[in-house]
Each structure stands twice: as C-alpha cells, then as structure tokens.
Amino acid sequence: MTPSRHRRIRISAPLIAILTAALLLALFVTDMLTVGGIIASRDWISRTQRLQALIDSMRAEVLDAETAERDFFMTGRSEYREAYQVAVRTLPATLADLRLLTSDDAVQRRNVDALASLVGQKILELETTLELHRRMEIPRALDVVRSDEAAALMGWLRQLIAEMRVREDARLQQRTIETRRKLDAAVWIDVAALGGLLVLGLLLFAINRDIGRREALEKALRDQAALQQRFIAILGHDLRNPLNAVLMAARRLKQAEVSERWAKSVDYVISGAGRMTRLVDQLLDLARARQAGEIPVRLRPGTDLGEIVQAAVDELRAVNPRAEIVVNRHDNISGAWDADRLAQVVSNLVGNAIVHGAGRVDVRVERAGDDAVLEVQNDGPPIPADMVPRMFEAFQRLAADDATARPGGLGLGLFIADRIVAAHGGRIAVRSNEADGTTFAVTIPARPRETVSSPGADPDAVSPRLAIG
C-alpha cells in the first residue's frame, strides 16, 4: 500500500465513523418521532373507537326509548315504563360525551347539534303520547305514535346516526393505515440503525487496528532515531582523537622552519581540521539535543555579554579579514549565562551574516528591561519566505552565493543556536526583507540567578520568531 493511499484510508476511516455516528443519531431521533407518532395514533384510534361506541349507544337508547313506550301502551306494565325512563335519562349524558369527543371535527359537531335537536323532538313526542295515555286519551296517543311525522323523525335519527358512524369508521380506517405505515417505518429505521451499528463497529475496529499499527511504527521509528543519535554521538566522539592528533601535528609543523610552499599546505591542513572539528562539535550537540532534550549549559552569574560578543567577533575577523564587522555594545550587560555556548551562538549568527549577506555586518548588544538583546544585521537578499518557518530545524541550509559560501556544512548551526538560547530561557527572532536586509535578534533574561543550573528545553518546542518579508 502506497503512503498516500494509506494516508487517505487513515483520514477517511475516522470521517466515516463520525458520519455513521451522525446517521445513527439521526435515525434515533427519527425513530423516536415515529414511535411518538404511533403512540399519538394509538390514542386517536382509542378515541375514535370510544366515539363509535357512543354513536351505537345513542342509537340503542333512542330505539330503547321508543320500544319501551310502545310496549307500555300495549301491556300497561310498569317495567316498560321504567325502561323508557332510563333510556330518556341517559340520552343527555350520551350527547354530552359525543360533544366532547367531536370537539376537533367540525362536521361531527354539526351532526351532534342536529342529533340533539332530533332527540329533543323525539323525547317531546314520547312525553306527549305518555301524557295522553295518562289522561286515558288512548286514540289520540295512538294517532301520534302512528303519525307520518313520528316515522319521519325516527328515520332522520337513524340516518343521521348512520352517517356519523360511517364517518368515524372511515377515520378509524385511515388512522389505522397511518399507524401501520409508521410502525413499518419504525421497523425499517431499527433495521437501518442495526446496520449502522455494525458498520460503526467495523470502522472502530479498523481504526483501533490502524492506531495499533501506527503506534508500533512510531515506536520503531523512535528506536531507529535513538540508534542513529547514539551512532552520531559515538562517531563524533571517536573522531575527536584523530582530529586532535592532526591539529597538533600540523601546528608543530607550522612552528618548524619549512618552506613557504609547505607552510601553505600546513595552513590548509589546520583550516580543514578546524572545520572538521566544528562539524564534529555540531554533531555532538545535535546528539545531546535529541537524546537529552536539551543542550547542556553551565550558567555562571556575572557573565558579560558584551565581552562574549567582542571576543567571538575578533576571532571571526581573524578568519575573515575582508569582512567588515561593526560592534555596538553597552557596558555592564551581565547575567547568569554560559559564556562558551553564547559565543557559539554569536559565532554562528555573525558567520552566517558574513557568508550569506552583503556589505557590512552590524552587531548590537543592548538591554531591554530585564532582558539582554543581541542583534546581528546584514544587507543582501532576504531569506525566502518558505524557508523562514524551517530555518531553525536541523539540517536546514540557507542558500548562498557559490563565490562566497563556505563549502560543506550540515545545516545545524541555527538549530544549535536556537537550542542554546532556549536553554538560557530566551528566544531567537528573525526579520528579513529587501529594504532592511536580514536581522537575527536574540533575547535572553538578564536577571541575576541565585544558583547555577542547566534549564531544560523541550527539543520539539518552537521559539517565537517573526518574519517580515
């Protein structure tokens, strides 16, 4: 599997897991709404069934009242009269329940109002016939019972009650169908949620397996990096002895009386060995920074920053006699610092300014509140904008003119300088543009310290830097 494809899978798996979880949440909300609709439909169905029962009860009560009245006329038995009275007494209560259950249906409300009017007329008719029977006006009572008006009134009652029942039957059927649809939807939602859970479980398993592989790979890379750093440290340490022997022999030859031709060759040997020594020192500093997390420093209170800068610049002038280096410093800028390490920072920054800049190099040392500030400025082309964020990383080399640049170099100078400044509790900033050239500004605390220590510095921390270009 190619790295790009592996990266796409590694990125897409968490994204798919998030989308699946979001889908499951949406399904859960939809399922809850559907179940809520089913519960509401169940209540509506129960209400419709109650309304149907009341309509049937109304029809039975009207028929009971009429039948009981006729039986009373025919037999004169009191139990029929009592049955009639019971039916008449229950009709108003049934009508009230019908009004309550049909409050949300305008059609049925009108039907109930019409039914109440008809029931009132029917009760009045029945009461009239009973009153005539009580007064022993039997023929007149029978005329009322057998009249066309009485038959028509009963027909209207039956027809209206039948229409109300048909309407409620249709509504019950519609609500039952809707409830079934919602129930089917809830079942399919649950099935989809189960499938989503299975997909999410598989994705989480794949993500967990991928995390385990990455952790194993990262551990292997860390072990390999640690082995490389140990190798660099051992190699750098073992190179010191032969280099010291070469330098010692070359210096003795330099002191001896040799021809001018051989003296120049000896100078080349001394210069090359000195350069190799600096490279070895940089490798050792890199190994210390990577292994221990910091470059060790020995902080000595009362160290004068101006003297450190002046001594480092004097050495650079001796090596680069054509370079114009101007030092502006204030006296008595001292603090608890490591003189050798800060000299290494000065040598690196000023050396880079000589190699990569053009014209004069200005070095300024001044105090800013409780801090000491060292600035190294040079003219020339600005640092490329894409290089600024990486220039303090290890093995990053600035491009230089082939006519003036020193050959070789590991690209560790600014990395080591940044770590040394960080070990002093300071920071390095850089400004680079066409108008003002390039300026490196080192800021370190100048407050006196009670104890001599080696402050830790996170090897992966990035010092605050400003690039203006």
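Descriptive notes on the structure:
- Residue that is nearest to Gly272 (Cα to Cα) [pool: residues in region 307-342 that are of a type in the set (Lys, Arg) and open to solvent by 50 Å² or more (accessible area, probe 1.4 Å)]: Arg317
- Answer from Ala162, Ala141, Ala170, Ala152 - the residue that is small (Gly, Ala, Ser), open to solvent by less than 60 Å² (accessible area, probe 1.4 Å), in contact with a His (Cβ under 6 Å, 6 or more places away or on another chain) and part of a helix (DSSP H, G or I): Ala141
- If you go through region 192-211 and pick out every residue that is within 22 Å of Ala26 (Cα to Cα) and open to solvent by 80 Å² or more (accessible area, probe 1.4 Å), you end up with 5.
- Contact annotation: residue pairs with Cβ atoms under 6 Å, 6 or more positions apart or on different chains, pairing a residue in region 383-405 that is closer than 19 Å to Pro321 by Cα with a partner that is at pLDDT 60 or above, are Ala405/Val355.
- Among the residues of region 415-439, those that are of a type outside the set (Phe, Trp, Tyr) and in a helix (DSSP H, G or I) comprise Ile416, Ala417, Asp418, Arg419, Ile420, Val421, Ala422, Ala423.
- Taken together, Asp104, Asp113, Asp97 contain a single residue that is within 27 Å of Glu168 (Cα to Cα) and part of a loop (DSSP other than H, G, I, E, B), which is Asp104.
The values are calculated or read from the model by the stated rules, or taken from the named source; none is laboratory data. This structure is a prediction, so every number in the text was calculated from the model and none was measured. In this analysis, Cβ positions are derived from the backbone assuming ideal geometry, glycine residues included, and neighbour counts consider all displayed protein chains. All accessible areas refer to the heavy atoms of the entire protein, side chains included, with ligands and DNA or RNA removed. Shrake-Rupley method; radii C 1.70, N 1.55, O 1.52, S 1.80 Å.
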